[in-house]
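The structure appears below as structure tokens.
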Amino acid sequence: MRPSRFTCSVGCGGAWPLTEVIYRCSRCGGLLEVAHDLASLGQVSAREWKARFAERSARARLPEGSGIWGKREWVMPHLEDGDIVSLGEGWNPLLPLPGMAQRLGLSRLELKQCGVSPTGSFKDLGMTVLVSQVRWMRRQGVPLRAVACASTGDTSAALAAYAAAAGIPSVVFLPQGRISPAQLVQPLANGSLVLSLDTDFDGCMRLVREVTADAGLYLANSMNPLRLEGQKILAVELCQQWDWEVPDWVVIPGGNLGNASALGMGFELLLRLGLIDRRPRIAVAQAERANPLARAYRGGTWEKHAVVAGETLASAIQIGDPVSWPRAVRVLQAFNGVVDDASEAELSDAAAEADREGAFACPHTGVALAVTARLARSGVMGGGSRVVVISTAHGLKFPAFKAGYHATGGAPWANPPQLLPADAGAIKAVLDQRLAAA
Ligand SMILES: *Cc1c(COP(=O)(O)O)cnc(C)c1O
């Protein structure tokens with residue numbers, strides 16, 4: 001098997017070993033990708049891959065009990081058990097939303113609950129790979145002092161936890177006052193050096209790139225294609241959970257657009273190795289206040305015009321200058337993709353509506369659900385479609401968002417608490433009134 005390596009994603013022919021500290025093509029400046037020995041992976045039949053993955057899905061012991069490392073040949077084939085830093089990520093459940101599906105005229109609507117995970121977001125899927133690879137690089141003698149990232153709250157939480165588990169120092173660049181208190185406390189608890197900066201995410205991203213240009217600090221943002229190698233497994237796991245059938249649509253919220261890109265990469269790999277025979281359509285969902293991709297799409301061009309991201313409840317996708325833009329555009333073109341956005345009211349209502357069927361949806365999941373509703377109502381998503389919405393973080397990371405919605409009382413799905421004296425008679429009266437309909 002030929003070792004996996006970095007190659008230029010633009011296709012200019014550049015290639016580097018995975019021990020190289022490099023984030024962009026040194027010839028043309030393009031983003032990088034990890035190229036595996038596909039010819040060798042293709043020598044295993046689709047049937048055999050499915051049998052292998054099924055067998056490992058029954059294992060509890062890490063690393064192969066992890067949703068990512070159960071598919072290790074497709075992720076980082078050279079890593080051995082001792083290199084792998086796993087917290088038991090992946091195997092995120094699918095939650096059916098039959099009520100919402102019926103209201104939207106869809107035959108199947110499911111939430112892929114990626115926030116049900118070690119640090120509460122789907123960033124764990126990619127971070128286990130990056131940090132494992134860093135541990136391996138350090139063993140190979142690459143002089144890396146620490147790992148670093150800019151973050152809207154979830155990347156930093158994931159990096160801090162995996163780095164702590166690996167015993168590697170981490171530094172996180174955060175936009176002051178723009179992430180939730182729960183997200184801020186995660187890297188503090190895991191012992192990261194937390195830099196709270198007086199700028200927005202795009203500003204943090206510029207700074208971390210400047211600082212990590214001087215090697216020794218390894219960049220852990222999704223611009224680094226090692227992250228995408230784990231994130232792409234989301235598509236593989238989803239198809240496995242669907243008994244190797246493919247949904248008609250997959251809807252994913254988009255900020256920096258690394259995950260939308262990785263989703264496409266995962267489906268492409270499944271096609272190439274013969275485990276599935278068609279592509280789903282992909283919809284990228286943005287918040288109306290941070291929607292450069294939705295604007296470009298509506299304008300009929302894929303050209304990037306960065307915007308200054310406005311404040312949105314969907315703070316993890318409050319990004320105006322997405323780094324993985326060209327990668328995501330390639331995926332959207334290949335998957336007959338669409339892009340749409342959602343207002344603050346729409347995202348809040350959609351999250352609350354899903355909660356009524358057992359979810360506890362974060363605002364970004366609300367964005368994806370609201371865009372699903374828009375696409376279903378406008379007919380872009382045909383009646384009877386089978387749809388999977390990627391739920392990207394756990395709602396418990398955003399308690400103020402949840403509390404705010406239910407405190408107001410006026411919103412369609414608001415459920416404020418009933419204030420009562422400590423009196424059984426008063427309670428019975430309310431029960432009679434409120435439970436009568438049921
Ligand atoms: C990171 C993140 C996203 C967006 O992913 P990108 O790869 O930046 O597009 C969406 N939702 C949540 C909760 C996130 O943490």
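See the values below:
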| read-out | value |
| --- | --- |
| Euclidean distance of C-alpha centroids, region 22-62 and region 249-306, integer Å | 20 |
| Share of carbon and sulfur in the accessible heavy-atom surface of region 1-97 [1.4 Å probe, %] | 50 |
| Convex hull volume per residue in cubic angstrom - Cα atoms of region 249-380 | 109 |
| Region 175-331 - Debye-derived log10 I(q)/I(0), Cα point model, q = 0.10 Å⁻¹ | -0.43 |
| Pairwise FRET efficiency - GLN433 versus GLN333, Cβ, R0 = 60 Å, nearest 0.05 | 0.60 |
| For the chain, Kirkwood radius (reciprocal of mean inverse C-alpha pair distance, Å) | 22.2 |
| Charge dipole of the chain about the Cα centre (unit charges at C-beta), most positive-ward option of ALA422, ALA182, THR128 | THR128 |
| Net dipole in debye of region 148-289 [+1 Lys, Arg Cβ; -1 Asp, Glu Cβ; about Cα centre; nearest 20] | 100 |
| Accessible area expressed per residue, the chain, with surrounding protein chains retained (probe 1.4 Å, Å²) | 39 |
| Spin-label zone in region 185-212 - amide nitrogen under 15 Å from a point set 7 Å from the Cα of LEU144 along the C-beta vector | 212 |
| Long-range amide H partners of LEU109 with built H, under 5 Å | LEU97, VAL387 |
| Where VAL380, VAL389 fall by accessible area, highest first, once all protein chains stay in place (1.4 Å) | VAL380, VAL389 |
| FRET efficiency estimate (nearest 0.05) - Cβ-Cβ, TRP242 to LEU197, R0 30 angstrom | 0.10 |
| When each of LYS50/LYS123; LYS232/LYS304; LYS71/LYS304 is checked by Cα-Cα distance, pairs over 29 Å | LYS71/LYS304 |
| Relative packing of 246-253, 41-48, which averages over residues the other C-beta atoms within 10 Å, highest first | 246-253, 41-48 |
| Sites CYS12 and GLN43 - FRET efficiency at Förster radius 30 Å, r taken between beta-carbons, to 0.05 | 0.55 |
| Zone residues, region 398-431, relative to VAL185, backbone N less than 14 Å from point 7 Å out along Cα-to-Cβ | 398-400 |
| Rg ratio (alpha-carbon, reference 2.2 N^0.38 Å) - region 250-311 | 1.31 |
| Among 399-407, 345-353, the order from most to least packed when residues are scored by Cβ within 10 Å on average | 345-353, 399-407 |
| Listed residue (PHE173, PRO399, SER86) projecting farthest to the positive dipole end of the chain, Cβ model | SER86 |
| Packing rank of 72-82, 220-230, where each peptide gets the mean count of other beta carbons within 10 Å, highest leading | 220-230, 72-82 |
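The values are calculated or read from the model by the stated rules, or taken from the named source; none is laboratory data. Quantities reported herein were computed from a predicted structural model and do not represent experimental measurements. We place every Cβ from the backbone using ideal geometry, glycine too, and count neighbours over all the protein chains shown. All accessible areas refer to the heavy atoms of the entire protein, side chains included, with ligands and DNA or RNA removed. Shrake-Rupley method; radii C 1.70, N 1.55, O 1.52, S 1.80 Å.
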